[in-house]
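Each reported figure results from applying straightforward, stated rules to the coordinates on display, with no laboratory input. The model shown is predicted, which means the values in this text are computed figures rather than measured ones. When we count neighbours, we look across all protein chains shown, and the Cβ atoms used for this are built from the backbone with ideal geometry, even at glycine.
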């Protein structure tokens, strides 16, 4: 797995610049995200607001929020920070398997 990050290609404005395209595909696969969920999570990692995500993907803000609700449930995350944490935890697992355990809701 390549560790160096790539700059987002103009046709992929949702790709987090912290990960290469290959790394992002592996993370998305490990988390079983749909293509739209992957786009939205990528833009959340970039710090974009719901309105900005909707404009970039040509969907309404309410549709973005629906995707966020479903994605948070899939990732067992309570909020955006939890989603981002889960993405980075998954990346660490792909890079160094079994080094980290997923904490339970009490942080233990």
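Here are some notes:
- Share of Cα-Cα pairs in the range 21-95 lying beyond 13 Å, as whole percent: 63 percent
- On full extension, the segment bounded by residue 32 and residue 51 gains 4.4 nm, given 0.36 nm per residue less the C-alpha separation.
- Calculated FRET efficiency for the pair residue 94/residue 62, C-beta based, R₀ 41 Å, to 0.05: 0.80
- Using C-alpha pairs below 8 Å separated by at least 6 residues, the relative contact order for the range 21-95 is 35 percent.
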